[in-house]
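Undergrad: Before we start, here is the structure in question, set down as structure tokens.
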Amino acid sequence: MKTILLIEDNDIMRENTIELLELSNYKVVSTDNGIKGLQLVTESNPDLIICDINLPGLSGIEVYKRLPWGDDAKKVPFIFLSASSQALENDTGIKPDAYVGKPYAADDLLSAIEGCFSHTIDHN
Amino acid sequence: MRKTPSISLTSLTVGRDLTIIGCNRSGIKPLKNICKTNAAVSDVFQPFFSPSVFKSFSKCVAKTFNGECVSARYILKPPVGQKHTLDFSFTPLKTGVDIPAISIIILDVTRLQKDNPQASSAEKLIQSIFHTADNGLALIDDRGNFVKVNDGLCRLLGYSQKELVGRPYIQVVAADERKQVLALQQQFFNGKTDTLERQIMCKNGKLLYCYVTNNLLVDNDNKKFLVKTFRDVTESRKYKDLLHQTASLTKTGGFEFDPVSKKFIWTDELYSIYGKNKEFKPTLPKMLKLYNEADAFTIKAAITNAVKTGNKCSFECRPKMTGGVSKWLYVSGIPLVKNGKVVKIIGTVRDVTTEKIVNLELRKLSLVAQKTNSAVIITDNRGNIEWVNESFTRLTGYSPSEVAGVSPGKLLQGKDTDKTSVKKIKEHLERKLPVSEIIKNYKKDGTPFWINMSIVPVFEGRQLVNYVGVGSDITDLLNAQEAEKINSSLQQKQELFLTMAQNFPDGIIGVLDKNFKYVFVGGAEIAKLGLQQDQLVGESVFDNLYTKKNLEVEPFIKRAFNGEKISFEVQLNGNIYAINAVPLVYEQGRVEQVLLVLFNISKQKKAEEEVWKALKRQTELTELKTKFVSIASHEFRTPLSVALSSIDLILKYTDPPDIEKINKHIARVRTAVRTLTDILNDFLSIGKIEDGKVKIIKTEFNIAVFCEQLIEEAKTMEKNAQHLIYEHEAGEVTVNIDRQPLRHIVMNLLTNAIKYSAEGKRIWLTSAVVGHNLLLIIRDEGIGIPEHDQPHLFDTFFRASNTSNIQGTGMGLHIVKRYTTIMGGTIRVNSMENEGTTVTVMLPC
């Protein structure tokens, strides 16, 4: 069972997303801020990270830049959730595996996740 | 052969102590070196007189000191040499009644006595002429040598008598004239008489211009002499022509008068002077008839006195001439005394008519020049001042000595002197043409004045010698003209101004004097302010309007009087006035008055404000739009995301149906939709408020019931274990307020309290009616507002720095504030970060 790390500050939205992912047979670890999120990256060793861009404190972009993996580390797929894609377009150094705009339909998110995993499998 | 006739004379003044106070140089030979000032009379005369003679002499002196006039003839016996017969004339010299001194005139009559008791009248005349003439006199013999010269000539030429006598006359004539003189000499000896201007050479080589008269004298032995008179005219050569005439007319005649027979003996010259032929036998009565009464009296008195006292006489008289010709004669006579009696008077008559006229003319001219009210300047031919008159000094303040040698232009012209006038004068004078000009000059003290100046070049022959400038001060005249001009133009201006001013819309036009009082004022605004024009004249700018404003306005007016153009604004009775103060410069940069234009710009100002407001609102709206877009993109997406994901989840719980989960997610969708509605409503509210479309419709209702309903509604939003507590504290419960905005205010504040308070915290809503005000207090124990954010609390879209992870648009409090203001109320926020916030709203009810 794949483990997904969810970083989302809006409580209700986080709850809904967790509910959706669990219904799709994923194990979910979640937090409402970026710093805790980065901790969980090492602690929980997730197979995929879903992160909101507009976060209080450390933003999603900052989280992405501070991900602790180098060449040896296992490359974990990264999906951005955001109301706006503006921030990504402005920063060419950010290359997430997928981007899902808010509001999103459940199927959009799930197919993005599956896409990431299949891509990873293909790659491997 | 007889010697040349001669008469010697000594004149002495003797004091009461019988010492000589004064004596003449020329004198009777034996006495010459003895008669000295300070010598005692007795020391001088005793050696020459026998004791009886000296006694008589002393008696005469004493008598004279008693006031008598005495004459005596004494024989003088010097220790060596020949005897002399002397006629003494003693005359008291009076000072009031005192006789501090006497005059003794001693005439040596030895030769007259001894050689020729009845000496020829011609000889006597010559003798007297020699002694009475003021001019240089010389007797020339037929060989052209000086036989005798008088002191006058010696003084004139600088020679002593010795140096001249026996020497040829020609030696003293200037070299270039000698030939001419020699040619004429013979003619004179043939009887021609003439007067000529000659250049005579002095001993020191200096050349003098002298008028020389020549008269032939023939003595009893038929020996011929020339009598020459010399008059120095060097100084007066300026009046050459006139004096030349004078000289040609000048005749000096001689006469002898017998006091007993009253008969005159005249020389030919006198006949000529009086215009009589030789048939005329002059006697005193006949003579007097030649004069008018006054002159006749003077002459008679002078002669009678001379006969009586033996004193010299001289006077001026004007004989009545045929044909209305007027002559001035100068007569001088000297009595000859014999045995204490005047036996004869001999003298000269000189025709001084022309001199007199010249002198009178000159005197008149000089008086005119000196005393005229016009300033007179005479410059040399280079234009430097030689002479100025009294008027010039009066006018300019410069004394003659100050200006001598200075150019009048440099002296008088100043910065405002018209350059073209100066040029004109200069050009004319360079071409030696007369010129007239009105020009502005300056006095010594710097005062300007206008002068009407005429300058005329003066020529002698073809030589430019002087410029004469005559000017009159016309400053007053010009000023008067100017004033009249100004007056009439002022009057016109004033009328124009009056019309303008009275029709000046929305403003006041006025002219202020130096005391900041209105000299003139007009304008439509005066009436609007409830004033009358007449009230303002003589008053300060705002005396009748708003006294306090004077202090505000005066500094500006002062600057205007210093020549600045000033614009400023003043608020007055709710109106705004733009004031322009313009200095009115009349002359020499002096600001006598200030033109003040007040313009009511309230309307413009209002319009301007409107424009600014509109612009500001426009900017705000644009800003609002931008913010709306960015906020909408974030704040709308979250509830939309929630709604969408909850709907997706609902679909997942339908088979098998999980009612509990479905209901939970339906509630979430509902909340999300409500959140969206709220945000939308906020935007709409702001839009309405900004457009001014919010209308207050008051209704009466129970505030307690109203609040309880709101609490119930709010409870659906509260977090776990939060406590919402309501209390109506005091007063009426019925209020008269527009419910709609009130509901918005209270709900917004309650929502905020819930939103920014943690779970389990308490929230109080308290209402009270105090007087005519409804008081609403919402208190929480939430996160509070940082102090530095508090001033911006009510700004559109403002969010405090500690709210970033709490949803919100920043519109809520702004709307609350706007509604409160619209309802005529106030809102106050008290807050401490991490402790809580209290919002107090007060609304009239």
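The values are calculated or read from the model by the stated rules, or taken from the named source; none is laboratory data. All of these numbers come straight from a predicted model, not from anything done at the bench. Cβ coordinates were reconstructed from backbone atoms using ideal geometry, including for glycine residues, and neighbour counts include every protein chain displayed.
Undergrad: Give, as residue ranges, the helices (runs of 4 or more DSSP H) completely inside the stretch B:305-413 that count at least 3 residues that are at pLDDT 85 or above. Working first, answer last.
TA: Details: elements: B:353-371, B:390-396, B:400-403, B:408-412.
Fully inside the stretch B:305-413 and qualifying: B:390-396, B:400-403, B:408-412.
Undergrad: What pairs come out if I take residues in the stretch B:670-689 that are within 13 Å of chain A (Cβ to nearest Cβ) and over 15 Å from B:Val629 (Cα atoms) and pair them with residues that are of a type outside the set (Asp, Glu) and outside any helix (DSSP H, G or I) whose C-beta lies under 8 Å away, six or more apart or interchain?
TA: Listed pairs, sorted by first residue: B:Thr675/B:Gln807.
Undergrad: If I filter the stretch B:81-90 for residues that are in contact with a Pro (Cβ under 9 Å, 6 or more places away or on another chain) and either free of Cβ contacts under 8 Å to residues at least 24 places away in the same chain or part of a strand (DSSP E or B) (or both), do I get at least one hit?
TA: Yes.
Undergrad: What do you reckon, is B:Lys661 touching a Phe, Trp or Tyr at 6+ places or on another chain (Cβ under 6 Å) and either within 12 Å of chain A (Cβ to nearest Cβ) or surrounded by 13 or more Cβ atoms within 10 Å (Cβ to Cβ) (or both)? Quick ask: steps written out before the conclusion?
TA: Details: touching a Phe, Trp or Tyr at 6+ places or on another chain (Cβ under 6 Å): yes; either within 12 Å of chain A (Cβ to nearest Cβ) or surrounded by 13 or more Cβ atoms within 10 Å (Cβ to Cβ) (or both): yes.
Here the answer is yes, as B:Lys661 does meet what is asked.
Undergrad: Just to be sure I understand, how many residues within the stretch B:746-773 are buried (at least 17 other Cβ atoms within 10 Å of the Cβ), closer than 22 Å to B:Ser804 by Cα and not β-branched (Val, Ile, Thr)?
TA: Number satisfying all stated conditions: 10.
Undergrad: Right, here's the next one. Is it the case that A:Glu8 is within 11 Å of another protein chain (Cβ to nearest Cβ) and either small (Gly, Ala, Ser) or more than 17 Å from B:Thr638 (Cβ to Cβ) (or both)? Show your work before the answer.
TA: Values: within 11 Å of another protein chain (Cβ to nearest Cβ): yes; either small (Gly, Ala, Ser) or more than 17 Å from B:Thr638 (Cβ to Cβ) (or both): no.
For A:Glu8, the condition - within 11 Å of another protein chain (Cβ to nearest Cβ) and either small (Gly, Ala, Ser) or more than 17 Å from B:Thr638 (Cβ to Cβ) (or both) - is not met.
Undergrad: Counting just the residues of the stretch A:29-63 that are among the β-branched types (Val, Ile, Thr) and more than 14 Å from chain B (Cβ to nearest Cβ), which one comes out surrounded by the fewest Cβ atoms within 10 Å (Cβ to Cβ)? Lay out the reasoning, then the answer.
TA: Step one: filter the stretch A:29-63 for residues among the β-branched types (Val, Ile, Thr), giving A:29, A:31, A:35, A:41-42, A:49-50, A:53, A:61, A:63.
Those left that are additionally more than 14 Å from chain B (Cβ to nearest Cβ): A:29, A:41-42, A:49, A:61, A:63.
Values: A:Val29: 18, A:Val41: 19, A:Thr42: 12, A:Ile49: 26, A:Ile61: 22, A:Val63: 24.
This residue is A:Thr42.
Undergrad: Checking the condition touching a residue at least 12 places away in the same chain (Cβ under 8 Å) and assigned to a helix (DSSP H, G or I), which residue from B:His728, B:His744 passes?
TA: On the way: B:His728 fails: assigned to a helix (DSSP H, G or I).
Among B:His728, B:His744, only B:His744 is touching a residue at least 12 places away in the same chain (Cβ under 8 Å) and assigned to a helix (DSSP H, G or I).
Undergrad: Among the residues of the stretch B:218-253, what is the count of those that are modelled with pLDDT of 55 or more, surrounded by 16 or more Cβ atoms within 10 Å (Cβ to Cβ) and among the aliphatic types (A, V, I, L, M)?
TA: So the answer is 3.
Undergrad: Same structure again: Consider the stretch B:151-204. How many of its residues are buried (at least 16 other Cβ atoms within 10 Å of the Cβ), aliphatic (A, V, I, L, M) and within 60 Å of the chain's Cα centre (by Cα)?
TA: Residues in the stretch B:151-204 being buried (at least 16 other Cβ atoms within 10 Å of the Cβ), aliphatic (A, V, I, L, M) and within 60 Å of the chain's Cα centre (by Cα): 8 in total.
Undergrad: Name the residues in the stretch B:788-808 that are within 12 Å of chain A (Cβ to nearest Cβ) and of a type in the set (S, T, N, Q), would you?
TA: Listed by number, the residues that qualify are B:Ser801, B:Asn802, B:Thr803, B:Ser804, B:Asn805, B:Gln807.
Undergrad: Taking only the stretch B:602-650 into account, find how many residues are modelled with pLDDT under 80 and within 14 Å of chain A (Cβ to nearest Cβ).
TA: 7
Undergrad: Moving on to the next point. Please verify whether the stretch B:272-279 includes one or more residues that are assigned to a helix (DSSP H, G or I) and exposed (fewer than 14 other Cβ atoms within 10 Å of the Cβ).
TA: Taking every residue of the stretch B:272-279 in turn, none turns out to be assigned to a helix (DSSP H, G or I) and exposed (fewer than 14 other Cβ atoms within 10 Å of the Cβ).
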